1. Run the accessible area of the stretch 29-144 with a 1.4 Å probe and give the carbon-and-sulfur part as a rounded percent.
2. Taking one equal scatterer on every alpha-carbon of the stretch 34-110, how large is log10 of I(q)/I(0) by Debye at q = 0.18 1/Å?
3. Beyond 20 Å, what share of the Cα-Cα pairs of the stretch 91-234 remains, rounded to the nearest whole percent?
4. Expressed as a whole number of Å, what is the distance separating the alpha-carbon centroids of the stretch 106-136 and the stretch 156-221?
5. Listed here are the pairs Lys55/Lys197; Lys12/Lys47; Lys33/Lys146; Lys10/Lys93; Lys33/Lys55; which of them are more than 22 Å apart at the Cα?
6. Let's see if you can work this out: charge +1 on each Lys and Arg Cβ, -1 on each Asp and Glu Cβ, no other charges. What is the dipole magnitude of the stretch 117-251 about its Cα centre, in debye to the nearest 20?
7. Send over a whole-number figure in Å² for the accessible area per residue of the chain, probe 1.4 Å.
8. Assuming 0.692 mPa s and 37 °C, estimate D for the chain with Stokes-Einstein, Rh taken as the Kirkwood radius over Cα pairs, in µm²/s.
Amino acid sequence: MSSFIIPSNKNKYDATKAFNDLDIVHWVQHNNKSVQVGDIIYIYESKPTQKIILKTKVIERDVYNYHIDDSQYSVIGFDFSSKGPWFSLKLVKNVNVNISLTDLHNLGLKGNIQSLRSLDDATSQAIDIISNDTNGLTSVKLTEGKKIQFYTTRYERNPKNRQVCLNYYGYNCMACGFNFERMYGELGYKFVEIHHKKPLFLQNKEVSIDPINDLVPLCSNCHRMIHRDKTNIITLDELRSKISFTYTNFD
Ligand SMILES: [Zn+2]
Ligand SMILES: [Zn+2]
């Protein structure tokens, strides 16, 4: 199975609405020969959004009979039903995590996305990992040899590990010192987020977590910032070095 990315222009066609209403949509194939049935095609919305919006699967190619009426999703003047043959693409999922052109460049994609492009396995896996985390707290990096290094919130949510970490560190943010209870009173009692400090490698299916060395409590702001660049995993120390204000003096 191969993966591809294809641009879509919202000024011509509302792909998000079309796929969500119809599930299966025809897409102009041009003279493409490399895409096979079963392949994945990510739909990338070009300017002004410039991000991946949909993950689709090719269920047919070389379709010469345009049999799905999606005319209401085309802006008047753009008739895609006259430009066969087409693929039939089935919606796999909406990509709600913001994966921008910059992210794609950081993952190794060169240039712009103006026509169908193929994605190497590592890049498509990286897109998959990032897009599976609707909290937007997953960071991914391709290392030399295109291995995937990533942070995931999966391990940060395990209640046992979480509790061991909190018993040890307490409920202050370990980057800026923020304490939710001190700020919000009862509402913030025992609230803090847990971050997994060590990147995982895709190959490691079972990872044992050391809750004291691998996990760290962070406030929501610091947690967001540490994951802000989805393709450049920063460390706790790097984050601390960027902080110009800490709450430690209020203790
Ligand atoms: Zn903080
Ligand atoms: Zn985290």
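The values are calculated or read from the model by the stated rules, or taken from the named source; none is laboratory data. Computed from a predicted structure; not experimentally measured. Quick reminder, even Gly has a Cβ in these numbers, built from the backbone with ideal geometry, and neighbours come from all protein chains shown. Please note that ligands, DNA and RNA were not included when accessible areas were found on the heavy atoms of the full protein model with its side chains. Shrake-Rupley method; radii C 1.70, N 1.55, O 1.52, S 1.80 Å.
1. 47 percent
2. With no solvent term, the Cα-only Debye profile gives -0.93.
3. Result: 52 percent of Cα pairs exceed 20 Å.
4. Taking the Cα centre of each part, the stretch 156-221 and the stretch 106-136 sit 29 Å apart.
5. As for pairs spanning more than 22 Å Cα to Cα, those are Lys55/Lys197; Lys33/Lys146.
6. Magnitude of the dipole: close to 100 debye.
7. I get 55 Å² per residue for the chain.
8. Once the numbers are plugged in, D ends up at 161 µm²/s.
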